[in-house]
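The values are calculated or read from the model by the stated rules, or taken from the named source; none is laboratory data. Please read all numbers here as calculations on a predicted model, not as lab measurements. Cβ sites come from the backbone with ideal geometry, for glycine too, and all protein chains shown count toward neighbours. Remember, those area values only see protein heavy atoms, side chains included, never the ligands or the DNA or RNA. Shrake-Rupley method; radii C 1.70, N 1.55, O 1.52, S 1.80 Å.
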Amino acid sequence: MASPMSASSFLKALKAEGLTVVEVGDWRDHNRNHKGPWGPVHGVMIHHTVTEGSERTVDICRKGHEDLPGPLCHGVVTKDGTVHLVGYGRANHAGLGDDDVLRAVIAEKALPRDNEAGTDGNRHFYGFECENLGDGADPWPEAQLEAIERAATAVCRHHGWNERSVIGHLEWQPGKVDPRGFTMASMRERIRDRLK
């Protein structure tokens, strides 16, 4: 079991991993903690946004929308590889997912196929939304992929986790397809190599 790092430690860990970080508004105190607990944390979840344009993407992820209030993640990774911090604490990103997947993440073992959605992921995962249309055709620039790798590695390094603590939304909740356009297996390989 791991307690979430402080907002200051989160910022420090990201910068120590060589990331360009932008702090957006009152991100340290912008959260959904009044809806339930934040932690213990067990992993990192990667998403795509289905949006276009960095400024608009960051704004949506910070504020949310009519059906889902923000923040929608902790950090937004834009096409240029910048990480925009939009919230810290409980965020509306993971939703309900598979408890067998959560057990595998905690044990850092191979993931089973997700086939149910009854466990609160917003409580247990750091979330990074990544600017992409999610149509399989929108490119993933190398700067962005490297930033995703570095951001996930930063969290894993802080908690002493390995690459198996990083999952995609599609591995957590049936019916989700994000991130689309690269595989989580390839991203975990990159994280594994960086952790070395």
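Observations
- Each residue in segment 1-44 was checked for being of a type in the set (Phe, Trp, Tyr) and open to solvent by 20 Å² or more (accessible area, probe 1.4 Å), and 1 of them qualify.
- Extreme residue, surrounded by the fewest Cβ atoms within 10 Å (Cβ to Cβ), among residues of segment 155-172 that are in a helix (DSSP H, G or I) and either of a type in the set (D, E, K, R) or touching a Cys at 6+ places or on another chain (Cβ under 8 Å) (or both): ARG157
- For segment 55-84, a tally of residues being among the aliphatic types (A, V, I, L, M) and either more than 23 Å from GLY181 (Cα to Cα) or open to solvent by 10 Å² or more (accessible area, probe 1.4 Å) (or both) returns 4.
- If you filter segment 135-149 down to residues that are under 23 Å from ARG164 (Cα atoms) and touching a residue at least 60 places away in the same chain (Cβ under 8 Å), you find that the one that is surrounded by the most Cβ atoms within 10 Å (Cβ to Cβ) is ALA147.
- Scanning segment 30-85 for residues that are closer than 18 Å to HIS158 by Cβ, in a loop (DSSP other than H, G, I, E, B) and of a type in the set (A, V, I, L, M, F, W, C) yields TRP38, CYS73.
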